[in-house]
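J.: The structure's right below; bear with me while I get my questions together.
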Amino acid sequence: MDLALLRTFVTVHRAGSFTRAAALLGLSQPAVTSQIRTLETQLGRPLFLRLARGVRPTTTGEELAHKIAPHVDALLEITEAGMDDEGSRNRTLHLAGPPEFTDLRALPALAPLIARGLAVRAAHGAADDLFESLAAGHHDLAITTSRPRGRLLTATPLCDEEHVLVAAPRWAARLGGPAVVRDKGVRALEHLPVVEVHETLPLVTRYWSTVFDTEPAASGSVIAPDLRAVLSCVIAGAGLGVLPRYLCEDALDTGEIVALLDPPVPPLRTYFLVVRTGTLAHPHLARAHEWLLRAAVSW
């Protein structure tokens, strides 16, 4: 049986669509449709049910995918590994993720691979947009704060990020310090301006829910779509903010900002490395994926 047909079948099965599979394979949709029909003819059974939007595997299709997908991935890995060493290194990695984490964590961590010949093209975006772009083949690897659904994308936990409630020293002094905040809870924070990345106050809301078991009553006084801008505003005294510890650690150490509370269980957010299922067979992508996982141990 033709390996190309099996590869196309596995891609359609994971993508749930002839159109998305065609984009991933670099083929036209008619070519993908033709290959699936050829495979169905050879097997004498339908592999997919054609729906208004995409396709759904038949029981035969599910059984075939379960049996062959790992072997197709392994064969692709062998093929890629057979490339000469120089050719496998001189590849471009298309990486995407949240702007602050990508710029301050991921890209510096990849510097040793870049020095060895890996080229990197970075982009920023929110999780839902990144999933769509990754599925369409615009990116090779995405860093997100949520898991994707379905079989097309595979997620691996990368690291946990601790969130800290912070403000400038003058605000902390006006409140009376962490002990007062611990005793009074959200009542101590009601009149402080809030600096956030979005009108929905995603970080503050998560913190309030986890630590105070309630939702914030205030709206944002400053909305800036980058956590580095939030940090700058908090340092300048614009109000309180909730920030990843890695991002504000230096400002905490120098006293430019202070933590308003030290809860016994701080809020955490998990980052994931997301790829299209099966693409870790590509050596340059597998190397970057492994390198980031190693680096994240110290994050």
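The values are calculated or read from the model by the stated rules, or taken from the named source; none is laboratory data. If you're wondering where the values come from, they're calculated on a predicted model, not measured in any experiment. When we count neighbours, we look across all protein chains shown, and the Cβ atoms used for this are built from the backbone with ideal geometry, even at glycine. Keep in mind that these areas ignore ligands, DNA and RNA; they rest on the heavy atoms of the full protein, side chains included. Shrake-Rupley method; radii C 1.70, N 1.55, O 1.52, S 1.80 Å.
J.: Quick one: which residues, 5+ away or cross-chain, put their amide H under 5 Å from the amide H of Arg91? H built at 1.01 Å from N.
T.: Sorted by chain and number, the residues that satisfy this are Ala119.
J.: Continuing with the same structure: Count the net charge of all other residues whose Cβ sits under 9 Å from the Cβ of Gly220, scoring Lys and Arg as +1 and Asp and Glu as -1.
T.: Working: positive: none; negative: Glu196, Glu199.
After counting each charged neighbour, the total is -2.
J.: Work from the charge dipole of the chain (Cβ charges, +1 for Lys and Arg, -1 for Asp and Glu, about the Cα centre) and give the residue of Leu43, Ala31, Pro225 farthest towards its positive end.
T.: Among Leu43, Ala31, Pro225, the one farthest towards the positive end of the dipole of the chain is Leu43.
J.: Would you work out if the range 192-275 is rounded, prolate or oblate? Take a ≥ b ≥ c from the square roots of the eigenvalues of the alpha-carbon gyration tensor; rounded if a/c is under 1.5, else prolate when a/b is larger than b/c, oblate otherwise. Working shown, then result.
T.: Numbers: a/c = 1.20, a/b = 1.08, b/c = 1.11.
Rounded, because the longest to shortest axis ratio a/c is under 1.5.
J.: Find the Rg to Rh ratio for the range 16-66, where Rh is the Kirkwood radius over alpha-carbon pairs and Rg uses the same atoms.
T.: Working: Rg = 10.7 Å, Rh = 11.2 Å.
Rounded to two decimals, Rg over Rh is 0.95.
J.: Could I ask something else about it? Mind listing the phi-derived Karplus ³J(HN,Hα) values for the range 31-42, rounded to whole Hz, using 6.51, -1.76 and 1.60 with θ = phi - 60°, and x for any glycine or proline?
T.: 5, 5, 4, 5, 5, 5, 4, 4, 5, 5, 5, 5
J.: Please give me the summed charge of the neighbours of Pro266: other residues whose Cβ is under 12 Å from its Cβ, Lys and Arg +1, Asp and Glu -1.
T.: Values: positive: Arg206, Arg245, Arg269; negative: Asp160, Glu161, Glu162, Asp262.
Once positives and negatives cancel, what remains is -1.
J.: Show me, for the range 164-180, the HN-Hα J-couplings you get by feeding each phi into the Karplus relation (A = 6.51, B = -1.76, C = 1.60, θ = phi - 60°), rounded to Hz, glycine and proline as x.
T.: 10, 8, 10, 7, 5, x, 5, 5, 4, 5, 5, 6, x, x, x, 5, 5
J.: For the chain, what's the relative contact order in percent, using C-alpha pairs closer than 8 Å and at least 6 residues apart? Before the final figure, lay out each step's value.
T.: Details: 474 pairs, mean separation 67.2, N = 299.
Relative contact order, the chain: 22 percent.
J.: Scan around Ala123 for amide H atoms under 5 Å from its own, H built in the peptide plane at 1.01 Å from N, and keep only partners 5 or more places away or cross-chain.
T.: Leu95, Ala96, Gly97
J.: Among (i) 1.06; (ii) 1.09; (iii) 1.03, which is the computed Rg/Rh (Cα atoms, Kirkwood Rh)?
T.: Here the calculated entry is (ii).
J.: Solvent-accessible area per residue for the chain at a 1.4 Å probe radius, Å²?
T.: 50
J.: Got a number for carbon plus sulfur as a percent of the range 11-166's accessible area, 1.4 Å probe? Intermediate values should be presented prior to the final figure.
T.: Numbers: 4140 of 8040 Å².
The computed percentage sits at 51.
J.: Can you compute the helix-only [θ] at 222 nm over the chain? Use -39500 (n - 2.57) per DSSP H run of at least 4 residues, normalise by all residues, nearest 500 deg cm²/dmol. Before the final figure, lay out the partial values.
T.: Details: 13 runs with 131 residues, N = 299.
Value at 222 nm, helices only: -13000 deg cm²/dmol.
J.: With charges set only on the Cβ (+1 for Lys and Arg, -1 for Asp and Glu), what does the dipole of the chain come to about its Cα centre, in debye to the nearest 20?
T.: Numbers: 29 positive and 32 negative charges, 165 e Å.
So the dipole magnitude of the chain works out to roughly 800 debye.
J.: Taking the dipole about the Cα centre of the range 220-299, with the C-beta of Lys and Arg at +1 and of Asp and Glu at -1, give me whichever of Leu285, Val258, Gly237 is farthest to the positive side.
T.: Result: Leu285.
J.: Can you tally the net charge around Leu158? Count Lys and Arg as +1, Asp and Glu as -1, for every other residue whose Cβ sits under 14 Å from the Cβ of Leu158.
T.: Working: positive: Arg105, Arg147, Arg269, Arg294; negative: Asp160, Glu161, Glu290.
With Lys, Arg at +1 and Asp, Glu at -1, the net is +1.
J.: Also, I was wondering about something else. Please list, ordered by chain and number, the residues whose modelled amide H lies under 5 Å from the amide H of Val164; skip anything fewer than 5 residues away on the same chain.
T.: Leu243, Arg245
J.: Continuing with the same structure: Can you list the HN-Hα couplings for the range 44-56, worked out from phi with the Karplus curve (6.51, -1.76, 1.60; θ = phi - 60°), rounded to whole Hz and with x for Gly and Pro?
T.: Rounded to whole hertz, the list is x, 8, x, 9, 9, 9, 7, 10, 4, 10, x, 9, 10.
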